[in-house]
1. If Lys and Arg each add +1 and Asp and Glu each add -1, what is the summed charge of the other residues whose beta carbon sits under 15 Å from the beta carbon of residue 223?
2. Could you calculate the FRET efficiency of residue 177 with residue 340 from 1/(1 + (r/R0)^6), where r is the beta carbon distance between them and R0 is 56 Å, rounded to 0.05?
3. Can you classify segment 273-314 as rounded, prolate or oblate using the Cα gyration tensor, where a ≥ b ≥ c are the square roots of its eigenvalues, rounded means a/c under 1.5, and otherwise it's prolate if a/b beats b/c and oblate if not?
4. Of the cross-linked pairs 319/363; 319/341; 436/476; 436/595; 348/587, which ones have a Cα-Cα span greater than 23 Å in the structure shown?
5. Quick one: order 260, 479, 278 by neighbouring beta-carbon count within 10 Å, fewest to most.
6. What list of ³J(HN,Hα) values in whole Hz, one per residue of segment 475-481 in order, does the Karplus curve 6.51 cos²θ - 1.76 cosθ + 1.60 (θ = phi - 60°) give from phi, with Gly and Pro shown as x?
7. If R0 is 60 Å, what FRET efficiency do you get for residue 495 and residue 93 from their C-beta distance, rounded to 0.05?
8. Considering the zone a paramagnetic label at residue 618 would reach in this model (a point 7 Å from Cα along the Cα-to-Cβ line), which residues of segment 368-388 have amide N under 20 Å from it?
Amino acid sequence: MNRSRKGLKIRTPRTGTRTPRARRTGWRRLIPTWRLTLAGLFTSLLLGVGLFVLGVTLVKVPDAHATATAQSNTWLYQDGSLIARTGQTNRQSVGLDKVSPAAQHAALAAEDRNFYHEGAVNVKGLTRAAIATATGGTTQGGSTITQQYVKNAYLSQKQTISRKVKELFIALKVDATQTKDEVLAGYLNTSYYGRGAYGIQAAAQAYFGTDADKLNAAQGAYLAALLNAPSAYDVSTATAAGKQNATNRWNYVLDGMVKENWLSAADRAATAFPQVKEPQSPPGLSGQAGYLVRAATDYLTSHGIVSDAALAQGGYTVKLTVDAARQQALQDSVQSQLTDKLDPGKRKNDAAAQAGAVSLDPKTGAVVALYGGTDATKHWIDNANRRDYQAGSTFKAIALAAALESGASTQSGERITPDTIYDGTSRRSVVGGTGKAYNPPNEGDRSYGRVTLQQATDWSVNSAFAQLAQDTGLEKVRETAVALGLPATTPGLAALPSIPLGVSTPSVLDMAGVYATLDNGGKRITPTMVAGVQHAGEQVALPAPAVTQAVSEQTAQRVTSLLQGVVSDPGGTGYRALQLDRPSAGKTGTTDDQKSVWYVGYTPELVTAVAMFGQDPATGGQVTLDGTAGVAGAAGGRFPAQIWTAYMQAALAGQPVTRFTAPADTPSAPVRSSSPSATASAPSSAPASTPAAPAATPSGQATPSPTRSPSHTRKPTPTPTTDTPTPPPTPTPTRTPTAPPTGTADPAVPTTGGQPNATPATVAH
């Protein structure tokens, strides 16, 4: 017998002894053997099966009727007083035989195409969704229709692990005790489709005014698409992006029906997007309450605070930022300054006049008052949040901010300041562009000759602002608009020569947010409608307000100083209607054919935007506001400015008067004229840098131009007889400065330039 060097006996092959296995050392000791691995897997399997059986045994199917009944939601003003209660369940359960086959197939194509061929749980789908979530990919749905029915009928909408586990076990029990047809009927009757409609029967009535058994493929596919995002996909009220997403989802559903042989390819090709009814507010949401609740609902769902389905299930108490007293003051101001003067039976245009307004705190972004229209039960479209009318010259404040923030220069290389001289000749071609010439007219085709940027702002001179935008850079103007608060997806917001004239279509709330940024020293705070949310006695977390420095504080102050001229200059577009007895700044806006008129203005404490829209009550199309309330013409300096002033006087009553902080580089006394004179004269042929001669009075005597101090104080001046600048009886323009202010003008008579442009709004004031 041989011995090893360590004294161990070792059997050699010759003698028939076995060599012992070497012991594991180091890290190899941590690796389990195959026997241990197999035993662990078997034990885990037994444990899993045991837990599964235990879960199925212990988890009970709750009473569907008790948990599926929606509760009411309570909506409060900022002081806790009641706005409205909502949540009366709009549901009428129907059997599957009362739902058209096309609508059934559409729901299956959208949510679960293998419903009739699978169990209660789709293991593949759940695994795929779990992996996508764990790896940071796009959130995916892995639930079958059975699971979704269980969630709708028996459980809450909370996204928790415990709820998901209960959902799995209850789904297995439901699948074992109910037929597939019963489960599908339950799902269709408990799903939320938006507009307060629970179940497919209520949804068919809400969106198409028909019964569920009469839904065609196009209608059924649209209702199935809504299940994905009820509020966002309502094409009557959705944003442009929401409408596109709804259309894409609708196409996806129809394509799925073809793939599953539920719809022929020929019928699919002949299917057009269905005509959807305008939504109607519940009777309890009449007046402004419906607009306030809807705006708050949109805020909650769009910011991911509360889902559509959870809010529809109810039980929430939502406190808005809206101040009850200021809300009433805004309603009263619209009533006294506009509604009381309308007579739709006598004047056709009076029936088309729609008003929208928003007032917010520039320091917090809180919406303190909102006017959405005449009555939410009669005019569903919220005029404060609609994005289908051009903003007009209110956009010129953005062009000013872009020029001053970027340090832009004129075509001759001089830095742009409030005293830079521009050629205000109507239809003057823009210099510096490439491509098609752009030569917008001024309001009334007035020519103003040589004007400072301050005067061009006061009098809303289109030709000067078209050149300003070109000097600044059209893309820079667009970027500044987005930075100040306009959504990047705002229709018409493109880097074209017409951009400074307000051809884009932001909402009243959007424009209030932009001006709030200027009022807040250039700091942008996203406007908010909601101050607090409670559910089941617990506070729901709200996102912290996003604050960004959009433009420098000095730029914001300089733009504010320029906008004060609109109010303080007797020739300014809003002078007559905007006397508050406290400092204010703002800009009027009147669009092509006077289809919309605006005024957006602010004091150091409050920002308010008011707009009027001409909407044909029969067709919904845009029409002129000319002649509204028997007044020839329409301008932002009329009804919008009058509403603004009446409201601001009430909203700020009793508060101390504060002044804007003047920019550090404000000159002590810029020279400027007091009012514009409209002429049809040709542009001056003198070099831009040549001082203009003093204006002559009818007697031939030179008339010195008054000066304006940084605080914009003026000597008393006779009130103009109209809202628009009125030309004095002088043979030559009186608006040119007596001495050239700091800066130089662009070329007076350009012959080329411009870029391809969208149809401009003829922005007046």
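Readers should treat all values here as calculations from the given coordinates under stated rules, not as data from a laboratory. In this text, all values refer to a predicted model and were calculated from it rather than measured experimentally. Backbone-built Cβ (ideal geometry, glycine too); neighbour counts: all protein chains shown.
1. Working: positive: 91, 98, 195, 214, 249, 277; negative: 111, 211, 213, 234, 308.
Surrounding charge for residue 223 is +1.
2. Numbers: r = 64 Å, r/R0 = 1.14.
It comes to 0.30.
3. On the way: a/c = 1.88, a/b = 1.16, b/c = 1.63.
Oblate shape, in that a/c is at least 1.5 and b/c is the bigger or equal ratio.
4. On the way: 319/363 19 Å; 319/341 34 Å; 436/476 20 Å; 436/595 27 Å; 348/587 29 Å.
As for pairs spanning more than 23 Å Cα to Cα, those are 319/341; 436/595; 348/587.
5. Values: 260 13, 479 16, 278 10.
Ordered from fewest to most neighbouring Cβ atoms within 10 Å, 260, 479, 278 come out as 278, 260, 479.
6. Result, rounded to whole Hz: 5, 5, 4, 5, 4, 5, 4.
7. Details: r = 53 Å, r/R0 = 0.89.
Between residue 495 and residue 93 the formula returns 0.65.
8. So the set is 379-380.
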